[in-house]
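K.L.:
Shown below is the structure under consideration.
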Amino acid sequence: MPSTVHVSPDEIRKGFSKAMSDMYRDEVPLYGALMELVAETNAHVLDTQPQLAQQLQRTGEIQRLDMERHGAIRLGTAAELATICRLFAVMGMQPVGYYDLTPAGVPVHSTAFRAVHEQALQTSPFRVFTSLLRLELIENPELRAFAEAALAKRSIFTPGALALIEQAEQHGGLNAQDADEFIRQALETFRWHHTATVTGAQYQQLSDQHRLIADVVAFKGPHINHLTPRTLDIDQVQAAMPGKGITPKAVIEGPPRRHCPILLRQTSFKALDEPIAFTDAQGSHSARFGEIEQRGVALTPKGRALYDQLLNAARDELGAFPNEGNAARYVELMEQHFQAFPDNHAQLRDQGLAYFRYFPTAQGVAARGTANQPRTLQALIAAGHIDVEPLVYEDFLPVSAAGIFQSNLGDAAQSHYAANSNQAEFEKALGRQTIDELKLYGETQQRSVDECTRTLLA
Ligand code: OOG
Ligand code: NI
C-alpha cells in the first residue's frame, strides 16, 4: 500500500531546488563556474570576517548559504500563471510582492514565489521571480493575435505534474514517492527547448516587437532563464569573474557597497547565444544568463522610502541609464547620495529603518528570574541578555530587476511603455492576492521578540 505520510512542502522545495540547479549546471556550464567562484569567495569571507560568520551562524543563514539561489521564468497567459501558482504551492511557495516592470520598458509584471516563514526559509530559501507577459502592450493587432494563438496552443505542464498538483490539493500533500515524481514532472516545465514552435520569420517579427515577447511566445515552455547563487561579497566576485572567462554587466544593481549591507545587490553576465531549430530554418536565440546576488537587511517602509529617494536622486543626476560608459560616474553618485543612509545596525534600528531579529543570549538565560534582571527589550539588549541581528531581505527590487532584464535583452529592447501598474489584473490572473512582503518581515521580527519574552521573562 502506498504511504499516506506526507512529505513537508519545504522538503519538496529543497529537493526541487537541487534538481533545478543540477539541470541548469548541466545545460549552462558557466553557471557551474559561477557557483564555484561564489563558494570560494564565501569561504574566504567567512574566514576573514569572524563577526559576519557569527552573525550568520546566529540567524541560521550560514547553513542555508550553499543551497541558496533564485531563478526566473516568464509566462505567457493568465492560465499559466494560475497553474504555476498551484504548482509552487505544493512546494510551500507563495506569491510575495508585485513588481511592475513597464516603466523600464519591459512589458511584464511579476511576483516572487517563495517560502514565507523563517523556519521554512531556513530549510530552503529557493525563490522564483515569475513574470507575466502583457500582450495588451503589443500595438500591432495582427502580431498580438498571432502571439495569443501561439500561446493558446501550448501546454507548459506535463499531465503527470497536473495530476500530482491536484492530488496534493485534494489530500493536503504528497507522500515520499509522489513527491519525487512531482519533482521530476515539475522540472519539465522549466527545461530548455532546442526547437521553437514558430518559423524563423515569425520569430523575427516577435523579436522586433520586443526580444522578451519572442522569448515567451516562440517556445514550448517557460525555460528557467537564470539561477542565482548568493554571495557574501559581490564586489569580490564581480572583480574575479573575468579571470574565469565570465564577463559581468557594467554596474552592480541595487545599493552601493556599504559596511552594513541593505536590501539586495545583483550583477549578471550576458545571455548566451544558443542554436535553435525554427519550424522552417536554423537560427539562434539568447535568453539564458547567470547572475549573483548579495543580500542585506530588510528595510521598513521608512527605510525603503529613503532607499528609493536616494536611488532616484543618483539616477536623476546621472541623467541616463547606467551603462559601460558612465559606470564609474554612477558608482560615485550612488556612494555620494547614500552617505545619507545610516551605515550601522544601531542607527538603522534606532531610526526604524530596518527589521531585526532578537535572540536570547546564554547570559540572558542564566539571569532569568534573578532579582535585578532587566524587564524591557531595550534594557535586555543593553545588558547583553538579547542579541540583535539584521533580518535578511528575501525579495527583489523593481529597478534592479529592470536592469537585469535590460542587460540581457540588449539596447535594442529599450522601448518605452507608459507606466501602468495593474496589480488587480495580475492578481486576477494569479487567482489570489500577492502577499505584502513588509507584513512578513514585521511578523518574523515580532515572533523573535515574543520568543525572547517567553524564554527570558515568562
Ligand atoms: C527576471 C529578471 C529579474 C532579478 O533577480 O531581479 C530578476 C527575468 O529576466 O526574467 O531575476
Ligand atoms: Ni534574478
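The values are calculated or read from the model by the stated rules, or taken from the named source; none is laboratory data. Everything numeric here is computed off the predicted structure, so don't read it as measured data. When we count neighbours, we look across all protein chains shown, and the Cβ atoms used for this are built from the backbone with ideal geometry, even at glycine. Areas reflect the complete protein model, heavy atoms only, side chains present, ligands, DNA and RNA absent. Shrake-Rupley method; radii C 1.70, N 1.55, O 1.52, S 1.80 Å.
K.L.:
Would you mention how many residues in the stretch 319-338 are over 27 Å from the mean Cα position of the chain (by Cα) and either touching a residue at least 12 places away in the same chain (Cβ under 8 Å) or open to solvent by 70 Å² or more (accessible area, probe 1.4 Å) (or both)? Let's see the steps before the verdict.
P.N.:
Applying the first criterion (over 27 Å from the mean Cα position of the chain (by Cα)) to the stretch 319-338 yields 319, 325, 329, 336.
Still in the running and either touching a residue at least 12 places away in the same chain (Cβ under 8 Å) or open to solvent by 70 Å² or more (accessible area, probe 1.4 Å) (or both): 325, 329, 336.
So the count comes out to 3.
K.L.:
Is at least one residue of the stretch 20-32 closer than 30 Å to GLU425 by Cβ and open to solvent by less than 20 Å² (accessible area, probe 1.4 Å)?
P.N.:
As a first pass, look at the stretch 20-32 and keep what is closer than 30 Å to GLU425 by Cβ: 20.
Filter again for open to solvent by less than 20 Å² (accessible area, probe 1.4 Å), leaving 20.
Yes, because at least one residue in the stretch 20-32 is closer than 30 Å to GLU425 by Cβ and open to solvent by less than 20 Å² (accessible area, probe 1.4 Å).
K.L.:
Among the numbered criteria (1) away from ligand 2 (no atom under 16 Å from the Cβ); (2) assigned to a loop (DSSP other than H, G, I, E, B); (3) open to solvent by less than 30 Å² (accessible area, probe 1.4 Å), which one does ARG368 miss?
P.N.:
Evaluating ARG368 over (1) away from ligand 2 (no atom under 16 Å from the Cβ); (2) assigned to a loop (DSSP other than H, G, I, E, B); (3) open to solvent by less than 30 Å² (accessible area, probe 1.4 Å) leaves (3) as the failure.
K.L.:
Taking GLY369 and the conditions (1) touching a strand residue (DSSP E or B) at 6+ places or on another chain (Cβ under 7 Å); (2) more than 30 Å from ASP215 (Cα to Cα), which numbered condition does it fall short on, given that it satisfies the others?
P.N.:
With respect to (1) touching a strand residue (DSSP E or B) at 6+ places or on another chain (Cβ under 7 Å); (2) more than 30 Å from ASP215 (Cα to Cα), GLY369 is out only on (1).
To keep it simple, each residue is scored yes or no on (1) more than 24 Å from ALA79 (Cα to Cα); (2) touching a Lys or Arg at 6+ places or on another chain (Cβ under 8 Å); (3) open to solvent by 20 Å² or more (accessible area, probe 1.4 Å).
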residue	(1), (2), (3)
PHE190	no, no, no
VAL198	no, no, no
LEU206	no, no, no
ARG211	no, no, yes
LYS220	no, yes, yes
HIS226	no, yes, no
ILE234	yes, yes, no
GLY245	yes, no, yes
GLU253	yes, yes, no
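K.L.:
I'd like to know if the stretch 100-107 contains one or more residues that are under 20 Å from PRO229 (Cβ atoms), surrounded by fewer than 23 Cβ atoms within 10 Å (Cβ to Cβ) and of a type in the set (Val, Ile, Thr).
P.N.:
Let us first name the residues in the stretch 100-107 that are under 20 Å from PRO229 (Cβ atoms), namely none.
Checking the stretch 100-107: not a single residue is under 20 Å from PRO229 (Cβ atoms), surrounded by fewer than 23 Cβ atoms within 10 Å (Cβ to Cβ) and of a type in the set (Val, Ile, Thr).
K.L.:
Identify, from the list THR376, THR361, the residue that is away from ligand 2 (no atom under 16 Å from the Cβ), of a type in the set (S, T, N, Q) and in contact with a strand residue (DSSP E or B) (Cβ under 9 Å, 6 or more places away or on another chain).
P.N.:
Numbers: THR376 fails: in contact with a strand residue (DSSP E or B) (Cβ under 9 Å, 6 or more places away or on another chain).
THR361 is the lone residue from the list that is away from ligand 2 (no atom under 16 Å from the Cβ), of a type in the set (S, T, N, Q) and in contact with a strand residue (DSSP E or B) (Cβ under 9 Å, 6 or more places away or on another chain).
K.L.:
Hey, another quick one. Based on this model, can you work out whether ASP450 counts as away from ligand 1 (no atom under 16 Å from the Cβ), over 30 Å from LEU81 (Cα atoms) and surrounded by 15 or more Cβ atoms within 10 Å (Cβ to Cβ)? Even if it seems obvious, please write down each step before you answer.
P.N.:
Numbers: away from ligand 1 (no atom under 16 Å from the Cβ): yes; over 30 Å from LEU81 (Cα atoms): yes; surrounded by 15 or more Cβ atoms within 10 Å (Cβ to Cβ): no.
Judged against the criteria, ASP450 is not a match.
K.L.:
Here is a list of conditions, (1) open to solvent by 40 Å² or more (accessible area, probe 1.4 Å); (2) out of contact with any strand residue (DSSP E or B) (no Cβ under 7 Å at 6 or more places or on another chain); (3) at pLDDT 95 or above, and ARG349 meets all of them except one; can you say which number that is?
P.N.:
Answer for ARG349: the failing condition is (2).
K.L.:
If I go through the stretch 373-390 residue by residue, how many of them are among the hydrophobic types (A, V, I, L, M, F, W, C), open to solvent by 10 Å² or more (accessible area, probe 1.4 Å) and either out of contact with any helix residue (DSSP H, G or I) (no Cβ under 9 Å at 6 or more places or on another chain) or within 22 Å of GLY442 (Cα to Cα) (or both)? Give the steps one after another, and end with the answer.
P.N.:
Quick first cut of the stretch 373-390, residues among the hydrophobic types (A, V, I, L, M, F, W, C) only: 377, 379-383, 386, 388.
With open to solvent by 10 Å² or more (accessible area, probe 1.4 Å) added as a condition, the list becomes 377, 379, 381-383, 388.
If we keep only those that are either out of contact with any helix residue (DSSP H, G or I) (no Cβ under 9 Å at 6 or more places or on another chain) or within 22 Å of GLY442 (Cα to Cα) (or both) too, we end up with 377, 379, 381-382, 388.
Total meeting the criteria: 5.
K.L.:
Identify, from the list ARG144, ARG58, ARG69, ARG127, the residue that is of a type in the set (D, E, K, R), open to solvent by 10 Å² or more (accessible area, probe 1.4 Å) and within 16 Å of ligand 1 (Cβ to nearest atom).
P.N.:
On the way: ARG144 fails: within 16 Å of ligand 1 (Cβ to nearest atom); ARG58 fails: within 16 Å of ligand 1 (Cβ to nearest atom); ARG127 fails: open to solvent by 10 Å² or more (accessible area, probe 1.4 Å).
Just one listed residue meets the conditions, ARG69.
K.L.:
Scan the stretch 257-276 residue by residue and report those that are more than 16 Å from ligand 2 (Cβ to nearest atom) and crowded, with 22+ Cβ neighbours inside 10 Å.
P.N.:
Of everything in the stretch 257-276, those that are more than 16 Å from ligand 2 (Cβ to nearest atom) and crowded, with 22+ Cβ neighbours inside 10 Å turn out to be PRO261, ILE262.
K.L.:
Would the stretch 277-286 turn up any residue that is in contact (Cβ under 8 Å) with a residue 40 or more places away in the chain, β-branched (Val, Ile, Thr) and either more than 20 Å from GLU40 (Cα to Cα) or surrounded by 23 or more Cβ atoms within 10 Å (Cβ to Cβ) (or both)?
P.N.:
Checked the stretch 277-286: at least one residue is in contact (Cβ under 8 Å) with a residue 40 or more places away in the chain, β-branched (Val, Ile, Thr) and either more than 20 Å from GLU40 (Cα to Cα) or surrounded by 23 or more Cβ atoms within 10 Å (Cβ to Cβ) (or both).
K.L.:
Out of (1) part of a loop (DSSP other than H, G, I, E, B); (2) within 25 Å of the chain's Cα centre (by Cα), what's the single condition that is false for LEU227?
P.N.:
(1)
K.L.:
Hey, among the residues in the stretch 247-298 that are hydroxyl-bearing (Ser, Thr, Tyr) and in a strand (DSSP E or B), which one's farthest from ligand 1 (Cβ to nearest atom)?
P.N.:
Going residue by residue through the stretch 247-298, those that are hydroxyl-bearing (Ser, Thr, Tyr) are 247, 267-268, 279, 284, 286.
Now drop any that are not in a strand (DSSP E or B), which leaves 267-268, 284, 286.
Working: THR267: 10, SER268: 8, SER284: 18, SER286: 12 Å.
Only one residue tops the list, namely SER284.
K.L.:
For LEU409, which of the numbered conditions (1) in contact with a His (Cβ under 9 Å, 6 or more places away or on another chain); (2) under 30 Å from ALA53 (Cβ atoms); (3) within 16 Å of ligand 2 (Cβ to nearest atom) fails to hold?
P.N.:
(2)
K.L.:
Which one is nearest to GLU61 (Cα to Cα) among residues in the stretch 339-365 that are part of a loop (DSSP other than H, G, I, E, B) and in contact (Cβ under 8 Å) with a residue 24 or more places away in the chain?
P.N.:
Within the stretch 339-365, the first condition is being part of a loop (DSSP other than H, G, I, E, B), and the residues that meet it are 341-344, 351-353, 355, 361.
Adding the requirement that they be in contact (Cβ under 8 Å) with a residue 24 or more places away in the chain leaves 341, 343-344, 351-353, 355, 361.
On the way: PHE341: 25, ASP343: 21, ASN344: 20, GLN351: 25, GLY352: 23, LEU353: 21, TYR355: 16, THR361: 18 Å.
Top of the filtered list is TYR355.
K.L.:
Moving on. Name the residues in the stretch 60-79 that are closer than 16 Å to THR228 by Cβ and not in a helix (DSSP H, G or I), would you?
P.N.:
GLU68, ARG69, HIS70, GLY71, ALA72, ILE73, ARG74
K.L.:
Starting from the stretch 110-135, take each residue that is closer than 22 Å to GLU291 by Cα and in a strand (DSSP E or B) and list its partners that are of a type in the set (Ser, Thr, Tyr) and more than 11 Å from ligand 1 (Cβ to nearest atom), counting only C-beta distances under 7 angstrom and pairs at least six apart or across chains.
P.N.:
As it stands, the answer is THR111/TYR98; THR111/THR434; THR130/THR111, since those pairs meet every condition given.
K.L.:
I'm checking my understanding of the structure. Among residues of the stretch 407-449 that are among the polar types (S, T, N, Q), modelled with pLDDT of 80 or more and part of a helix (DSSP H, G or I), which one is nearest to MET93 (Cα to Cα)?
P.N.:
Taking the stretch 407-449 as the starting set, the residues that turn out to be among the polar types (S, T, N, Q) are 407-408, 414-415, 420-423, 433-434, 444-446, 448.
Restricting the remaining residues to those that are modelled with pLDDT of 80 or more gives 422-423, 433-434, 444-446, 448.
After this cut, where a residue has to be part of a helix (DSSP H, G or I) as well, the list is 423, 444-446, 448.
Details: GLN423: 19, THR444: 17, GLN445: 20, GLN446: 22, SER448: 22 Å.
Among them, the one singled out is THR444.
K.L.:
Sort out which residues of the stretch 78-90 are open to solvent by less than 40 Å² (accessible area, probe 1.4 Å) and more than 16 Å from ligand 1 (Cβ to nearest atom), and write them in order of number. Before you say what the answer is, go through the steps one by one.
P.N.:
Step one: of the stretch 78-90, the residues open to solvent by less than 40 Å² (accessible area, probe 1.4 Å) are 80-85, 87-88, 90.
The answer is ALA82, THR83, CYS85, LEU87, VAL90.
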